[in-house]
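Here the structure comes first, spelled out in structure tokens, and everything after it is commentary.
A short reminder: the numbers here are calculations on the coordinates, not readings from a lab. Just so you know, these numbers come straight off a predicted model, no measurement behind them. Virtual Cβ from ideal backbone geometry, glycine too; neighbours counted across all protein chains shown.
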């Protein structure tokens with residue numbers, strides 16, 4: 001036995017060395033790929049920030065270099081000239097309103113689909129899933145006609161309703177997944193404790209899917225913050241313009257002041273980036289919470 | 001405080017019959033244990049009583065009240081779940097107080113009851129914590145506390161100890177018994193562990209495939225099992241069974257197990273007489289098989305030859321795995337035994353404690 005061990009030692013050692021080398025190579029490769037990918041992701045943002053601090057002529061002459069003179073004035077100009085304060089407020093209202101609606105309607109629908117047995121439950125769920133397959137652009141024309149018919153064209157609530165409808169398939173599907181991952185016993189315990197259906201929903205179930213709701217709210221909020229097409233079609237009055245539309249209005253037919261445009265873009269991007277960085281840990285957790293079950 | 005009655009209760013899930021014509025009367029202040037292998041319908045029986053499942057046929061009474069159509073919250077019951085089902089986002093205090101708050105109990109009263117239950121369970125210092133900050137044993141206590149503060153007429157417990165480690169389980173078992181004595185309330189307890197059932201229940205209901213096999217006190221269940229299933233389920237190590245034939249005459253009757261033949265005591269022979277010549281199942285518990293050297297005095301011993309296959313020393317006793325013919329059986333003998341693996345030995349069957357079952361119906365012959 002001892003002889004065998006002695007003889008097999010060098011083999012084991014060399015195997016160890018090989019596996020160590022292999023490990024180093026593979027992790028090195030992984031780092032290389034990850035660095036390349038993060039460069040691809042970060043470069044456009046850095047370029048945008050860089051360009052937003054250049055004068056117009058400098059931007060035209062050397063678009064790829066670091067700004068020689070830092071033109072902070074671009075930011076004051078975009079804020080004053082393009083009525084950025086208004087766009088900002090509009091975007092904020094749209095995001096808060098739509099996301100609140102989504103959470104309220106989505107969580108209730110998701111809970112019902114996850115927990116109640118009723119006729120047509122399965123088909124309803126598939127109907128929602130099918131909704132995810134249809135791209136929003138396909139239904140743009142009928143949607144426009146419908147909203148106009150309802151008299152909600154160029155109103156805030158009209159646009160909110162469109163966002164709500166567009167997001168519902170995904171939100172409901174995710175929410176029912178979150179609810180499904182909560183053990184049934186909690187609900188039963190509450191029922192024996194004397195809680196009504198509504199109370200079980202509000203006081204027991206909803207607090208438990210809070211991480212999931214947070215994730216959904218952030219994702220949907222970011223989408224609405226950046227959304228362009230629906231906003232352009234359904235709320236294109238100057239006083240209703242959201243950030244993406246507002247920034248777009250800086251682009252003229254014959255002349256675009258790109259540095260100012262980029263300054264606008266930077267201002268619009270900033271809140272999303274900050275939010276994302278602050279909540280990234282939470283996002284991963286929430287994303288997983290729904291992914292494991294349901 | 002209340003009695004509970006299951007009257008011809010049947011529960012079907014589609015084509016599956018989970019509980020089949022269950023009839024039990026559970027007296028006030030009794031500790032009844034539903035026991036059986038998984039899928040035997042014990043948990044379903046409990047959930048029917050809790051109102052978490054609807055009865056397909058039959059009636060359930062709590063006290064004199066028919067509760068078939070009464071909502072769980074109005075049945076005056078409290079339930080402890082296997083997973084404890086504590087509300088993760090509430091503190092221990094709020095978990096315990098939740099049911100009382102919903103019942104609009106005055107705040108001072110809630111405070112008093114929660115503190116009292118917490119003191120009883122030794123969890124006063126945990127009241128501000130969240131469930132995830134507690135150990136398994138502590139969570140289990142909180143789940144119990146949540147039931148206690150409600151002061152229900154009936155306590156329902158669905159395998160509340162199965163998530164605890166072995167040592168804690170034994171300890172909590174004793175505490176639950178004490179709690180039952182102290183609260184003087186009807187307890188209905190579900191477990192798959194026959195040891196838990198034996199140690200805690202005032203009566204035990206053994207279920208199999210949705211059918212009630214026997215309801216009796218632990219002692220009677222152990223000593224006078226009604227059928228082969230109950231005999232094999234209760235007791236550890238399980239009872240040994242041999243396919244055998246009753247041979248001889250009315251006065252001199254033997255059980256012929258093929259490789260051995262043991263004499264039946266006269267008073268048992270009288271009972272077994274109608275089955276003379278018939279095939280039976282012969283059962284004997286491991287502790288009724290002795291090493292002849294240490295056989296207790298006064299028993300009706302019958303010698304049986306066997307070969308020792310495995311020995312397991314438990315400290316206070318030795319388990320001998322013995323082989324006769326191609327049949328293995330277990331004897332629980334004195335630790336001083338000299339039996340070794342491979343030895344051919346003679347063991348004594350204590351014929352005063354034998355069990356004989358009809359081979360066809362598997363029912364005890366008495």
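Centre-to-centre, using Cα atoms only, the stretch A:216-244 and the stretch B:220-283 are separated by 84 Å. Each residue in B:363, A:20 was given a count of other beta-carbon atoms within 10 angstrom of its own, and listing them fewest first yields A:20, B:363.
Shown for B:76, B:334: other C-beta atoms within 10 Å of each C-beta, ranked fewest to most, produce the order B:334, B:76. Beta bridges assigned by DSSP with both partners in the protein assembly as shown are antiparallel in approximately 75 percent of cases. Taking a ≥ b ≥ c as the square roots of the Cα gyration tensor eigenvalues, chain A comes out oblate, since a/c reaches at least 1.5 and a/b does not exceed b/c.
Computed from the C-beta positions of residue A:23 and residue A:89 and an R0 of 56 Å, the FRET efficiency is 0.55 to the nearest 0.05. Label separation (residue A:32 vs residue A:275): 3.8 nm, computed from points 7 Å beyond Cα along the C-beta direction.
On full extension, the segment bounded by residue B:236 and residue B:174 gains 20.4 nm, given 0.36 nm per residue less the C-alpha separation. Hey, what did the stretch A:16-138 get for relative contact order, percent, Cα under 8 Å, at least 6 apart? The value is 12 percent.
Sorting B:96, A:205, A:160 from the fewest to the most surrounding beta carbons within 10 angstrom yields A:205, A:160, B:96.
Report summary: the helix-based calculation at 222 nm, which adds -39500 (n - 2.57) for every DSSP H run with n ≥ 4 and divides by the residues of chain B, gives -7500 deg cm²/dmol.
As a length-normalised measure over Cα pairs under 8 Å and 6 or more apart, the relative contact order of chain B settles at 15 percent.
Its residues counted as N, the stretch A:109-223 yields a C-alpha radius of gyration over 2.2 N^0.38 Å of 1.27. Between B:142, B:262, B:356, the residue with the greatest mean-square fluctuation in the GNM of chain B (Cα pairs under 10 Å linked by springs) is B:262. Only beta bridges with both residues in chain B are counted; by DSSP, about 75 percent of them are antiparallel. Starting from the Cα of residue B:56, move 7 Å in the Cα-to-Cβ direction to define the label point; list residues of the stretch B:206-235 whose amide nitrogen is under 16 Å from there. Answer for this model: B:208-212. Using helices alone, I'd like the mean residue ellipticity at 222 nm for chain A: each DSSP H run of four-plus residues gives -39500 (n - 2.57), total over residue count, nearest 500. For chain A, the value works out to -25500 deg cm²/dmol. Placing a label point 7 Å from the Cα of residue B:352 along the Cα-to-Cβ line, the residues of the stretch B:257-299 whose backbone N sits under 14 Å from it are B:265-268, B:288-290, B:295-299. Note on residue B:359/residue B:334: beta-carbon distance plugged into 1/(1 + (r/R0)^6) with R0 of 41 Å gives a FRET efficiency of 0.80. Between B:298, B:283, B:145, the Gaussian network model of chain B with springs among Cα atoms under 10 angstrom shows the greatest mean-square fluctuation at B:298.
For chain A, the relative contact order comes to 30 percent (Cα pairs under 8 Å, sequence separation of at least 6). Decide, for the stretch A:29-112, between rounded, prolate and oblate: order the square roots of the alpha carbon gyration tensor eigenvalues as a ≥ b ≥ c, take rounded if a/c falls under 1.5, and otherwise choose prolate if a/b is larger than b/c, else oblate. Verdict is oblate for the stretch A:29-112. The simple Förster model, with R0 at 51 Å and r as the Cβ-Cβ distance, assigns residue B:65 and residue A:150 a FRET efficiency of 0.40. Could you tell me how many degrees, from 0 to 90 and to the nearest 10, lie between the Cα long axis of helix B:136-148 and the main elongation axis, the longest principal axis, of the Cα atoms of chain B? Taking Cα atoms only, the helix is inclined about 70 degrees. Looking at chain B as a GNM with Cα springs under 10 Å, which of B:196, B:312, B:53 has the largest mean-square fluctuation? Greatest mean-square fluctuation among the candidates belongs to B:312. With the Cα gyration tensor of the protein assembly as shown giving a ≥ b ≥ c as the square roots of its eigenvalues, does the rule (a/c under 1.5 for rounded; else a/b larger than b/c for prolate; else oblate) give rounded, prolate or oblate? Because a/c hits 1.5 or more and a/b exceeds b/c, the protein assembly as shown counts as prolate.
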